[in-house]
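Here the structure is laid out as structure tokens; the discussion comes afterwards.
The values are calculated or read from the model by the stated rules, or taken from the named source; none is laboratory data. Predicted model only: the values in this text are computed from it and were never measured. Positions of Cβ are generated from backbone atoms using ideal geometry, with glycine treated the same way; all protein chains shown enter the neighbour counts.
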């Protein structure tokens with residue numbers, strides 16, 4: 001149905017995009033702008049109590065369900081800057097609005113980077129002057145690059161689908177790396193589409209898919225002050241015939257899960273993707289607790305980095321997760337190999353497991369044999385480079 | 001009142017101790033034995049759902065309040081070994097009982113090491129034959145060494161106090177390193193005293209002090225299958241006059257907090273001790289959530305390793321901890337320097353903070369300015385060596 005294509009965030013009809021270097025970072029692209037005549041918008045945001053100024057402002061500005069521009073800077077999070085931060089976020093929206101001839105409350109603002117340093121508003125002002133004239137249908141790659149922080153490559157995905165002779169497109173960009181965690185941790189994702197949508201339906205769909213994609217990934221368990229995911233529809237194309245909404249959902253999920261996986265694989269210093277499934281739990285809550293306790297355990301994560309079949313650490317994490325377990329019913333699998341049966345090691349040899357431990361993606365399945373609920377959580381290992389990158393992020 | 005002295009775990013009157021090499025580890029001491037004519041005993045244990053066989057057995061054996069021997073092996077946790085593990089733990093108690101001429105239910109058994117490998121019962125049988133003849137008043141250091149796993153040095157502390165012409169002694173040994181966490185994570189601690197005590201009172205005191213010491217430390221957030229802390233009193237000396245119990249509590253807390261701090265400082269690859277205090281919270285629960293979220297955050301821990309004043313990560317962790325906060329009332333201090341006032345950076349320079357960031361012990365204080373409750377949590381930074389040690393533990 002949906003197939004991958006190229007073209008980036010401005011590919012869907014009605015959108016323009018650009019990226020530029022404004023000066024928040026030393027030399028790299030650090031300001032992105034996406035515009036649309038009038039987009040329907042939905043969003044999900046960080047639940048951190050110290051939500052940054054742009055998060056608070058954007059929540060307000062998308063309340064009407066419509067925006068015309070989205071401005072994103074990297075290099076400075078504009079978080080923990082008090083009233084000054086709130087003023088600077090608003091001023092950013094005003095500068096964009098003035099330049100584009102729209103209203104400030106039609107502008108969404110997003111920031112990512114260092115916390116607690118006031119935003120350089122000179123850089124912002126000149127950057128906005130500069131970026132507005134760069135807007136184009138081809139500006140998607142620059143926009144994707146401009147939102148990066150410790151990411152090692154831009155993350156963008158575009159898919160299209162033909163219905164009744166019309167080609168609909170969904171495209172997304174994201175930044176992730178460090179601090180990737182459920183509940184929208186230090187993650188920005190912006191998605192555009194020309195599939196026409198009502199605001200309320202779009203919000204419902206976004207929330208549902210975010211729970212299954214962005215909220216089910218983690219690199220290190222921290223949740224940031226700045227995360228947001230926005231979906232914009234230009235409504236440029238005619239509505240597909242009724243009952244086609246499931247097709248849109250499939251497409252949106254494809255875009256969001258592709259971005260989520262790219263974020264995890266680009267996790268700071270990650271060498272392996274760990275896909276942890278807990279099945280046959282008494283409740284979804286139990287399965288979530290267990291999968292996340294395993295996925296957040298530094299001992300589990302370092303063991304996989306070391307390619308060590310130390311399954312005892314997984315059992316340990318399961319045991320303290322708060323999930324209901326019956327030790328003598330608990331099974332554990334590394335891919336096709338059963339390493340624990342009824343709470344007891346099966347004696348499968350390290351030699352047999354070595355090809356699995358050496359692979360870049362590893363599937364770990366805990367079977368609780370108690371109920372029927374299941375949850376999957378994706379995360380990475382912890383490497384030397386994780387410590388290196390995060391011990392030196394600001395310098 | 002109490003002063004530090006030497007002598008080790010067999011120093012209190014009525015105790016003997018020994019350590020030997022049984023063969024669970026390649027060459028190092030790996031079996032410890034502590035005996036007493038008849039000791040009053042109290043214990044706290046891991047809450048992990050996969051509690052190891054020796055934990056389950058020892059809970060049963062101390063239920064009467066009396067034991068005569070404690071056997072501890074390192075190198076093998078005897079966890080996740082199913083019924084065989086239960087049999088082996090019981091058989092260990094039987095072997096000790098037979099050798100010493102006591103009953104199996106008068107023996108406490110403890111194990112630490114790799115999970116999921118059956119215990120080598122030949123090594124255990126020969127080791128018990130060997131260690132029983134080594135028991136002495138001077139065997140404390142060997143016992144302290146024999147319970148180590150990834151610890152880099154044995155942890156023992158002995159204190160004494162003179163009351164009405166009588167010298168009372170409390171002595172403790174512990175093993176920690178990796179997986180140190182609240183709720184008794186991969187931590188063994190054994191404490192002996194000649195201060196006479198009733199079982200129920202001793203249990204109450206132990207529980208209370210464990211909450212303030214061993215349960216308030218963490219290296220990496222994992223909780224193990226094998227943790228236990230036992231306190232044994234030989235009841236050899238006459239009871240001090242009434243109302244002296246507070247003196248005993250002070251002494252026990254001194255021993256346990258000294259061991260707890262030693263465990264944290266010997267945390268796997270730790271270069272710094274982080275003492276995180278959250279004060280003026282609305283509730284103790286809030287203060288605990290906040291202190292632990294900060295103390296478990298890999299981003300906070302790597303930043304301190306990198307000597308980077310990245311206080312935004314502390315604010316981040318506070319924000320997602322679930323603790324009630326009012327951002328514009330939140331203050332943060334690194335030692336004497338205020339880095340955040342009312343949720344906003346104070347602009348204190350990295351240069352000013354450098355001497356603090358370079359020190360081996362760093363005090364971090366979050367003042368919520370909302371209530372009056374306070375909680376302190378001790379943890380370490382995350383270093384390259386943390387990843388190295390834990391990626392290669394079994395090999």
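Scanning the stretch A:43-88 for residues that are assigned to a helix (DSSP H, G or I), surrounded by 24 or more Cβ atoms within 10 Å (Cβ to Cβ) and within 14 Å of chain B (Cβ to nearest Cβ) turns up A:53, A:55, A:85.
Hey, among A:326, A:335, which residue is in contact (Cβ under 8 Å) with a residue 24 or more places away in the chain, over 14 Å from residue A:276 (Cβ atoms) and either outside the structural domain of residue A:367 (by TED's automatic domain parsing) or more than 25 Å from the chain's Cα centre (by Cα) (or both)? Show your work before the answer.
Details: A:335 fails: over 14 Å from residue A:276 (Cβ atoms).
One residue alone meets the criteria, A:326.
Yes or no: the stretch B:76-87 includes at least one residue that is in the same structural domain as residue B:8 (by TED's automatic domain parsing) and closer than 15 Å to residue B:18 by Cβ. Scanning the stretch B:76-87, I find no residue that is in the same structural domain as residue B:8 (by TED's automatic domain parsing) and closer than 15 Å to residue B:18 by Cβ, so the answer is no. When residue A:293 is tested against the conditions (1) buried (at least 21 other Cβ atoms within 10 Å of the Cβ); (2) modelled with pLDDT of 90 or more, the lone failure is (2).
As for the stretch B:309-319, it holds no residue that is surrounded by fewer than 20 Cβ atoms within 10 Å (Cβ to Cβ), on the phi < 0 side of the Ramachandran plot and touching a helix residue (DSSP H, G or I) at 6+ places or on another chain (Cβ under 9 Å). Listed conditions (1) within 14 Å of chain A (Cβ to nearest Cβ); (2) modelled with pLDDT under 95; (3) assigned to a loop (DSSP other than H, G, I, E, B) are all met by residue B:113, apart from (3).
Could we say that residue B:18 is within 13 Å of another protein chain (Cβ to nearest Cβ) and either buried (at least 23 other Cβ atoms within 10 Å of the Cβ) or part of a strand (DSSP E or B) (or both) here? For residue B:18, the condition - within 13 Å of another protein chain (Cβ to nearest Cβ) and either buried (at least 23 other Cβ atoms within 10 Å of the Cβ) or part of a strand (DSSP E or B) (or both) - is not met.
Looking only at the stretch A:92-105, decide whether some residue is in the same structural domain as residue A:214 (by TED's automatic domain parsing), under 26 Å from residue B:316 (Cα atoms), part of a helix (DSSP H, G or I) and in contact (Cβ under 8 Å) with a residue 24 or more places away in the chain. Looking through the stretch A:92-105, at least one residue is in the same structural domain as residue A:214 (by TED's automatic domain parsing), under 26 Å from residue B:316 (Cα atoms), part of a helix (DSSP H, G or I) and in contact (Cβ under 8 Å) with a residue 24 or more places away in the chain.
Being more than 14 Å from chain A (Cβ to nearest Cβ) and more than 29 Å from residue B:154 (Cα to Cα) is the requirement here; does residue B:283 meet it? Here the answer is yes, as residue B:283 does meet what is asked. If you go through the stretch A:322-357 and pick out every residue that is within 8 Å of chain B (Cβ to nearest Cβ) and either modelled with pLDDT under 90 or closer than 12 Å to residue B:79 by Cβ (or both), you end up with 5. Of the listed requirements (1) more than 9 Å from chain B (Cβ to nearest Cβ); (2) part of a helix (DSSP H, G or I), residue A:303 misses just one: (1).
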